[in-house]
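The values are calculated or read from the model by the stated rules, or taken from the named source; none is laboratory data. Predicted model, so just to flag it, every value in this text is computed and none were measured. Every residue, glycine as well, gets a Cβ built from its backbone with ideal geometry; the counts of neighbours run over all protein chains shown. Side chains included, ligands, DNA and RNA excluded: accessible areas come from the protein's heavy atoms. Shrake-Rupley method; radii C 1.70, N 1.55, O 1.52, S 1.80 Å.
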Amino acid sequence: MTAQFATLDFSFLSDGPPVAVLGLGKSGMATVDALLASGVAVAAWDDSPTGRETARARGVPLVDLNTADLGEMQFLVQAPGIPLTFPEPHPVTTRAKAAGCEIIGDIELLYRAEPEARYIGITGTNGKSTTTSLIGHILAEAGLPIAVGGNLGTPVLTFPSLGSDGGYVLEMSSYQLDLLDTLVFDAAVLLNITPDHLDRHGGMDGYIAAKERIFAGQAGPQAAIVGIDSDPSRVIAERLAASGHPHLIPISVGVETAGGVSVVGGWLIDDLDGDATREIDLKTIQRLPGAHNWQNAAAAWAVGRVSGIDKPTIAAALKSFPGLAHRQQLVRAIGKVTFVDDSKATNVDAAEKALSSYDRIYWIAGGRAKEGGLSGLEPFMPRVIHTFLVGEAAADFAVWLNGKTPTTVTGTIDRAVEAANAMAQADAKGADSKGGVVLLSPACASFDQFPNFEVRGRFFVAAVEALPEVSA
């Protein structure tokens, strides 16, 4: 796709004073590169000496924004990870506000370069990465020119210029939403809200307000797609309805919603035209298991519909979705046993979603434990046939699991895969056996044995791929 489109053009800024850029991580460096490529003067800074040295080696013009005259800058592009307000604003942020220097993020800057494109934003405490990827997959399968990124990982200023025919599908964190100014989403999705990042927003009310910003400025056909299964997001839906929002689409799992999209008993029900038609049985889609993924599918279906895509194309795209790496990703099936990589489950809340999605589980758990250990997972233990424990937490987890599920401490993931496969294959013998799922959902950080959850997931996948097939 990139070869078919021009690069982003920021030459409309080239006659002005420098653009200040604070934070030189992935998105910050992408911002600098895009601006410099268009001939825009840049004043860049990073608090980290290592970050500054890396930037200097690439020829980035460095200016200490702690002392520079920010009133002489066009505006400040601030990395979303840098505090804007709470627990206290970054000193450069404070200086920029005092100098009257506008503070924006890279996504706002994308919009200023590409105002004619279509913008789809997805936020929520949980599920936004999968939903963003799923929406991108649906639009791509429909033949629409798109780019997918934002908080998902791809810096938006590396995107091509898509013009009025294209669309940007953006996962939006609460930090990124705080840095928007003029961008209004053509379709905005809020999946759910549970407590998270409260220190950065001054408490729950501030966090909710940041999430609600995704609907700011919407009018006419611009769609607000809101999950109503969590109390805070349902209150936002009610507030939007009371304000007369012209295109509000509620989504729910478990409750049929008038004028929206819902999933009841696994069936996706479309009531956007007022006929409440059952469209697709999501239980048949292995790569979208569990109620949380059904909510993701309902939101993506709604975006597909408001984007003008026909129902058969959306349904086919849901079925062909490959899944998101390390998020309940189906790796392989060997006989009646399937293998699922959920390495992204670095805490109990994420592991709970995976454990609730399957019935016969050979669970691989452990790593560097979070506060509270496995507390809260008690209701899901009847689904677990056997647990295989790895990493630092193995001994403590074995104590917690005693009496709840049979447990083996294997120490490492490759040994856990071999042991789980052997047990699952033995249990799967016989015509009446329903097989099972070998599930890596660690409920732990990876840092005891791996640098991050991605490397842990790839190690698991390699171990699964090394397993032999079973004879019929």
Extension gain from residue 238 to residue 448, taking 0.36 nm per residue of separation minus the Cα-Cα distance: 71.1 nm
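Using 1/(1 + (r/R0)^6) with R0 = 30 angstrom and r between the beta carbons of residue 395 and residue 455, what's the FRET efficiency to the nearest 0.05?
0.80
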Which FRET efficiency, nearest 0.05, do residue 196 and residue 375 yield, Cβ-Cβ r, R0 22 Å? 0.75
Once the other residues with Cβ under 12 Å from the Cβ of residue 240 are scored (Lys, Arg +1; Asp, Glu -1), what is the net sum? 0
Accessible-area composition of the chain, carbon plus sulfur, in percent [1.4 Å probe]: 52 percent
Give the range of the longest stretch in the chain that excludes all GluC sites (Glu not before Pro) found in loop regions by DSSP and having at most 11 other beta-carbon atoms within 10 Å. 117-370
Once label points are set 7 Å from the Cα along Cα→Cβ at both residue 98 and residue 165, what is their separation, rounded to one decimal in nm? 5.1 nm
Prolate/oblate/rounded label for the range 98-241 (Cα gyration tensor, a/c 1.5): oblate
Three-way shape label, the range 362-472, alpha-carbon gyration tensor, a/c 1.5: oblate
Between residue 277 and residue 426, how many nm apart are label points set 7 Å from Cα along the C-beta direction? 5.1 nm
Size of electric dipole in the range 314-472: Cβ of Lys, Arg +1 and of Asp, Glu -1, about Cα centre, debye, nearest 20: 340 debye
Potential lengthening between residue 402 and residue 471 on full extension [0.36 nm per residue; Cα-Cα distance subtracted]: 21.4 nm
For the chain, with only Lys/Arg (+1) and Asp/Glu (-1) charged at the beta-carbon, what is the dipole magnitude about the Cα centre, in debye rounded to 20? 1080 debye
To make sure I understand the rule: partners must be aspartates and glutamates, Cα under 14 Å from the Cα of residue 283, and not fewer than 8 residues away in the same chain. Which ones qualify? 359
As a test of the formula, what do you get for the chain when each DSSP H run with n ≥ 4 contributes -39,500 (n - 2.57) and the sum is divided by the residue count, at 222 nm and rounded to the nearest 500 deg cm²/dmol? -9500 deg cm²/dmol
Would you be so kind as to identify which of 242, 120, 293 lies farthest towards the positive end of the dipole of the chain, taking Lys and Arg as +1 and Asp and Glu as -1 on Cβ and the Cα centre as origin? 293
Given charges at Cβ of Lys, Arg, Asp, Glu: the range 215-338 dipole, positive-most of 226, 258, 329: 329
Give the aspartates and glutamates reachable from residue 97 as a straight Cα distance under 14 Å; neighbours fewer than 8 places away on the same chain don't count. 69, 72, 88
With a probe of 1.4 Å, find how much accessible area the chain has per residue, and write the answer as a whole number in Å². 41 Å²
Cα-based shape type of the range 333-418, given that a ≥ b ≥ c are square roots of the gyration tensor eigenvalues and the cut on a/c is 1.5: rounded
Cα long-axis angle, helix 231-242 against the chain (0 to 90 degrees, to the nearest 10): 50 degrees
Given 12 as the ceiling on other Cβ atoms within 10 Å, longest exposed-site-free region of the chain for trypsin sites (Lys or Arg not before Pro) in DSSP loops: 59-428
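Quick check for the range 315-373: number of Lys pairs with alpha-carbon distance under 21 Å, counting only pairs 8 or more apart or on different chains?
Within the range 315-373, the lysine pair count is 5.
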